[in-house]
Structures are given as structure tokens and as C-alpha cells.
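Trainee: Please see the structure below; I have some questions.
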């Protein structure tokens, strides 16, 4: 299979592959999905041919995203995603708790969504400052 990409498209593809692999593998320790690591390596290994030598570096016979790549803003994009997902999940879990829906689905999602929206509005205004946990 061959895919023709512009340099800009190839660069965007590297970002998508890196972000996807980060989401799949970053929390797995040694139990990684190796096929995703290998695909990432294969695509980053092509970066010198695309005039993007600074995006990859070799170590012990493998190609990895370079330190310059990893420090170039990609982790800020991942952090933005993680923050959004965190607050969405927290809002839904709190709303389900409030409505007694921890183990069931509502017949009408309107009340659940309204409660979630209230929590999301609060998080938008104050982050976690208004959240407390009684132990």
C-alpha cells in the first residue's frame, strides 16, 4: 500500500500516531501494545526523508520521537484532552450519584444531562476549587 501525503499531512499524521499511541500505551507499563509502538517507530523513521530529521532520534537500534518533538507542544495537546475527559467523566459520575443511577440507565437522559451541565458549568468557573471529599 502506498499513501501520498504532503509534508504537512505527514507531520499531522505523526501527531495523530503519537497521540494515539500515548493514549493506548502510556499507562500500560511493560504490557504495551507493541504493534502500535512499531508502527510509530516506522512512521517516525521516515521523518529524515521528509526533511524533518529533528523529529526522530535513534537509540539502541530503534527510532523514537525526539526530545525536541516531545517538548514541542504535543503533550500540551494531550493534557488538554485529558483535562476535558476528566471533567466530563467526573460530571457524569457525580450526576449519576446524585440521581441514584450508578448501576442503571435513565429512561430519559434529560435530567442526567442537565445535572452534568450544572457540574460542567461549575468546573468551568472554578475548576476543582469547589470540590470537597469527606473521608
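Just so you know, all these numbers are worked out from the coordinates, no wet-lab data involved. In this text the structure is predicted, and so the values were computed from the model without any measurement.
Trainee: How large is the helix-only mean residue ellipticity at 222 nm for the chain, computed as the sum of -39500 (n - 2.57) over DSSP H runs with n ≥ 4, divided by its residue count, in deg cm²/dmol to the nearest 500? Please report the intermediate quantities before stating the final value.
Mentor: Numbers: 4 runs with 72 residues, N = 135.
Helices in the chain give a 222 nm mean residue ellipticity of -18000 deg cm²/dmol.
Trainee: With a 10 Å cut-off between alpha carbons and a GNM built on the chain, which of 99, 43, 90 moves the most?
Mentor: With Cα springs under 10 Å in the chain, the top fluctuation among 99, 43, 90 is at 99.
Trainee: What shape does region 74-126 take by its C-alpha gyration tensor, where a ≥ b ≥ c are the square roots of the eigenvalues and a/c under 1.5 counts as rounded, a/b above b/c as prolate, and the rest as oblate?
Mentor: prolate
Trainee: Let me ask something else. Let me know the shape class of region 7-65, please: from the alpha-carbon gyration tensor, a ≥ b ≥ c as square roots of the eigenvalues, rounded when a/c is under 1.5, otherwise prolate if a/b is greater than b/c, or oblate. Intermediate results must be reported in sequence, preceding the final value.
Mentor: Values: a/c = 2.64, a/b = 1.49, b/c = 1.76.
Note, shape of region 7-65 comes out oblate.
Trainee: Using alpha-carbon pairs under 8 Å, 6+ residues apart, how would you state the relative contact order of the chain in percent?
Mentor: Working: 72 pairs, mean separation 18.6, N = 135.
Result for the chain is 14 percent.
Trainee: Quick one: work out Rg over Rh on the C-alpha atoms of the chain, Rh as Kirkwood radius.
Mentor: 1.13
Trainee: Going by alpha carbons, how many degrees (0 to 90, nearest 10) lie between the helix axis of 34-45 and the longest principal axis of the chain?
Mentor: The answer is roughly 50 degrees.
Trainee: Angle, helix 7-25 long axis vs. longest principal axis of the chain, Cα atoms, 0 to 90°, nearest 10?
Mentor: The helix 7-25 is inclined about 50 degrees to the chain.
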